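Working notes, beginning with the structure itself.
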Amino acid sequence: MSTTTLSTRATVVPKGAKPAPEKKRGNRLLIWVFLAPTVIGLGIFTFIPIIGSIVLAFFRWDIITAPEFVGVDNFVQLAANPTVRVSFLNTIGFVIVAVTLQLAVALGLAVLVQSKMPNWLRTFFRSALFFPLILSAASVSLVMAYLFNQEFGLVNQVLGWFGVAKIGWLTTGFGAKVVVLLVYVWQNFGFTFLLFIGGVAAIPKEVYEASSIDGATGWRQFRQITIPLISPTMLVASVMAIIGALQIFDQPYVLTRGGPGDETRTAVMVIYESAFQQLEFGLASAIGIVLTILIMLVTAVQFQLSKRFVFYG
Amino acid sequence: MTIEAVQRTSPLRGLGSLGKYTLLIVAAFLTLAPVVWTLITAMSPQNIDTGAIEFGGGAFADVFARIPVWLYTWNSALVTLLIVVGQMLSAAMAGYVFARFEFRSKKILFMLILATMMVPMQVTIVPVFMLVRGMGLADTLLALIVPALPTAFGTFLMRQYFLSLPPELAEAAEIDGAGPWRVFFGVYLPLAAPGLAIVGILAFNYHWNEFFRPLIMTISEQNFTLPLGLVTLQGNLGTGSVATVLAGVVISMIPALLVFIFGQKPLREGLTAGAGK
């Protein structure tokens with residue numbers, strides 16, 4: 001074998017041209033060895049589970065007894081179950097408010113940070129603003145549970161200086177919703193912020209210069225230059241923010257365990273509870289599938305809308 | 001013209017410097033204040049008998065007395081480091097292949113890998129739990145590590161990175177007699193260090209702080225990771241002190257803080273690079 005390849009290389013392939021057959025074989029082996037961990041890994045731990053989830057959604061199964069085929073019963077049950085319904089409504093409401101807040105705050109701060117200022121100050125603000133991103137959501141939620149404690153929490157103490165009566169942040173439905181939302185946005189807007197910094201930095205300075213010669217300033221430049229020119233970033237940021245927010249779990253789990261009542265229960269919390277507390281694995285899978293379809297629908301709609309609103313310069 | 005021009009054309013000039021700095025300072029205060037408060041409270045526990053506040057490390061000692069901090073830290077470190085190394089290696093290898101070679105099923109494989117990013121982890125968690133149980137890995141640290149080793153996002157990121165490196169390097173190395181493996185390990189992998197750093201930092205940040213998977217995959221306390229262990233501290237709310245829980249939070253923050261300090265720049269550049277395009 002080696003003699004033939006040697007001769008091939010010597011006669012057919014001049015140096016520096018296409019790789020010799022011998023080398024191709026070496027590459028083929030490398031290709032599959034290098035792909036194996038990722039392809040096999042994702043196959044076993046993502047693709048098979050997706051199919052498993054879809055199959056499981058049509059069964060009733062508690063792990064202990066044999067699975068029983070129930071058709072679309074799980075889907076009927078999840079539509080009828082008030083806790084599941086409330087958790088989806090909570091999740092959708094949460095996504096709308098959290099993502100809007102996250103995008104608005106992140107964009108505003110990114111524009112401010114990228115405006116003229118000394119470099120060390122810019123570095124400080126950038127670092128400070130995305131700092132919460134490195135913390136664990138569980139730790140953050142533990143800290144916030146104390147800050148928003150009705151009796152001794154710092155938030156109520158500070159509000160007390162202004163004569164505000166103690167608010168039951170985590171014990172009333174509305175209060176708990178507000179806290180979960182604030183804690184989530186507090187921790188996650190940094191990611192959107194980083195994306196927007198990249199987007200704003202990519203806008204050529206000449207565009208602003210030209211428009212200011214035409215007399216455009218401040219708010220008008222923001223609306224007519226910044227917004228359209230970062231719309232591709234806006235699309236990426238909003239898709240990622242929505243996918244992230246639809247999967248919220250850690251914050252309400254640690255802060256409120258979904259309570260009071262079902263006020264802060266989210267879709268993922270119900271997946272966790274039906275599977276690992278009530279041992280209804282089929283129902284949990286069905287809820288997961290509905291959540292995935294929701295995510296895909298929202299993403300598809302966003303990409304459709306983006307065709308009209310996103311400006312690729 | 002430059003300084004003046006930039007000043008004149010600053011997008012929010014109308015707002016004025018004062019308003020700009022006020023907003024930024026308020027925002028920075030809001031993101032940092034809870035962290036500073038956590039530090040101060042953790043360092044000033046209240047004596048249960050006298051009610052006096054004792055500045056010092058008392059709360060930290062209390063954390064170590066209540067939960068096996070070293071064990072949880074070891075578990076978290078082991079899980080995180082193995083995932084970080086595994087993801088860096090598997091993503092680099094797969095990303096390299098997708099960037100530099102042509103083969104028949106390439107397009108479809110790459111699309112399938114990207115598609116896995118769309119599926120939320122919570123949807124697959126039940127079958128993954130069963131797979132892990134079937135493999136006999138239930139309630140072991142391997143149950144957390146093995147499923148997290150392949151990374152679709154990391155593969156994508158490394159592919160982009162390898163695409164940005166000149167292909168002529170391979171030709172030069174080949175002329176010098178290097179085989180395809182040498183070309184990767186000797187030439188391209190070292191050059192891809194910044195890309196690898198981003199994959200590693202993101203994996204560290206995500207898995208060091210991970211809560212949902214450990215909550216499901218581990219049952220015995222000896223297999224708990226730090227975030228999980230800290231939440232069990234909260235159960236002592238009635239009897240223990242706020243300072244103790246917050247001291248635990250501070251302990252778990254230290255490695256993340258170090259990575260933040262050293263990894264901030266590559267992380268920021270890596271995340272912002274792909275955003276505009």
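The values are calculated or read from the model by the stated rules, or taken from the named source; none is laboratory data. Quick caveat: nothing in here was measured; it's all calculated off a predicted structure. Note that each Cβ is placed from the backbone with ideal geometry, even for glycine, and that neighbours are counted across all protein chains shown.
Overview of results
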item: Filter pass, B:Thr140 being under 30 Å from A:Arg60 (Cα atoms) and more than 11 Å from every other protein chain (Cβ to nearest Cβ); result: yes
item: Condition check for B:Ala77: hydrophobic (A, V, I, L, M, F, W, C), loosely packed, with under 15 Cβ neighbours inside 10 Å and closer than 17 Å to B:Val245 by Cβ; result: no
item: Answer residue from the range A:111-145, given it is basic (Lys, Arg) and assigned to a helix (DSSP H, G or I) and is nearest to the other protein chains (Cβ to nearest Cβ) among those; result: A:Arg126
item: Test: residue in the range B:110-131 that is over 28 Å from the mean Cα position of the chain (by Cα) and of a type outside the set (Gly, Ala, Ser); result: no
item: Selected residue (only one of B:Leu233, B:Leu196 is more than 11 Å from chain A (Cβ to nearest Cβ) and assigned to a helix (DSSP H, G or I)); result: B:Leu196
item: Count of residues meeting criterion [more than 9 Å from chain B (Cβ to nearest Cβ) and within 20 Å of A:Ala237 (Cβ to Cβ)] in the range A:190-223; result: 3
item: Hey, A:Arg28 within 13 Å of chain B (Cβ to nearest Cβ), in a helix (DSSP H, G or I) and among the charged types (D, E, K, R) or not; result: yes
item: Selection count, the range A:224-254, where residues are surrounded by fewer than 22 Cβ atoms within 10 Å (Cβ to Cβ), within 8 Å of chain B (Cβ to nearest Cβ) and not hydrophobic (A, V, I, L, M, F, W, C); result: 2
item: Candidates B:Ile67, B:Ile83, B:Ile113, B:Ile108 - the one that is free of Cβ contacts under 8 Å to residues at least 24 places away in the same chain and among the β-branched types (Val, Ile, Thr); result: B:Ile108
item: Among residues of the range B:160-179, those that are farther than 16 Å from B:Ala197 by Cβ and either assigned to a loop (DSSP other than H, G, I, E, B) or more than 11 Å from every other protein chain (Cβ to nearest Cβ) (or both), counted; result: 9
item: Single match in A:Ala104, A:Ala79 (criterion: assigned to a helix (DSSP H, G or I), without any contact (Cβ under 8 Å) to a residue 24 or more places away in the chain and in contact with a Lys or Arg (Cβ under 9 Å, 6 or more places away or on another chain)); result: A:Ala79
item: Cβ pairs under 7 Å, 6+ apart, first in the range B:176-187 and surrounded by 12 or more Cβ atoms within 10 Å (Cβ to Cβ), second in a loop (DSSP other than H, G, I, E, B); result: B:Gly186/B:Ala178
item: Residue tally, condition more than 10 Å from chain A (Cβ to nearest Cβ) and surrounded by 17 or more Cβ atoms within 10 Å (Cβ to Cβ), over the range B:80-109; result: 6
item: Residues of the range A:156-202 that turn out to be in contact with a Lys or Arg (Cβ under 9 Å, 6 or more places away or on another chain) and surrounded by 21 or more Cβ atoms within 10 Å (Cβ to Cβ), as a count; result: 4
item: Any hit, the range B:104-115, residues being of a type outside the set (D, E, K, R), in contact with a helix residue (DSSP H, G or I) (Cβ under 8 Å, 6 or more places away or on another chain) and part of a loop (DSSP other than H, G, I, E, B); result: no
item: Among (1) buried (at least 18 other Cβ atoms within 10 Å of the Cβ); (2) within 13 Å of chain B (Cβ to nearest Cβ), the one test that A:Ile44 misses; result: (1)
item: Filter result for the condition that a residue is closer than 26 Å to B:Pro266 by Cα and of a type in the set (Gly, Ala, Ser), over B:Gly195, B:Gly134; result: B:Gly195
item: Subset of the range A:266-281 (residues that are more than 18 Å from the chain's Cα centre (by Cα) and more than 9 Å from chain B (Cβ to nearest Cβ)); result: A:Val270, A:Glu273, A:Ser274, A:Gln277, A:Gln278, A:Leu279, A:Glu280
item: Scan of the range A:115-127 for residues that are under 21 Å from the mean Cα position of the chain (by Cα) and either without any contact (Cβ under 8 Å) to a residue 40 or more places away in the chain or under 29 Å from B:Arg213 (Cβ atoms) (or both), ordered by number; result: A:Ser127
item: Test: residue in the range A:48-65 that is under 20 Å from the mean Cα position of the chain (by Cα) and either assigned to a helix (DSSP H, G or I) or more than 9 Å from chain B (Cβ to nearest Cβ) (or both); result: yes
item: Test for A:Phe222: is it touching a Leu at 6+ places or on another chain (Cβ under 8 Å), within 21 Å of A:Ser306 (Cα to Cα), at pLDDT below 90 and outside any loop (DSSP other than H, G, I, E, B); result: yes
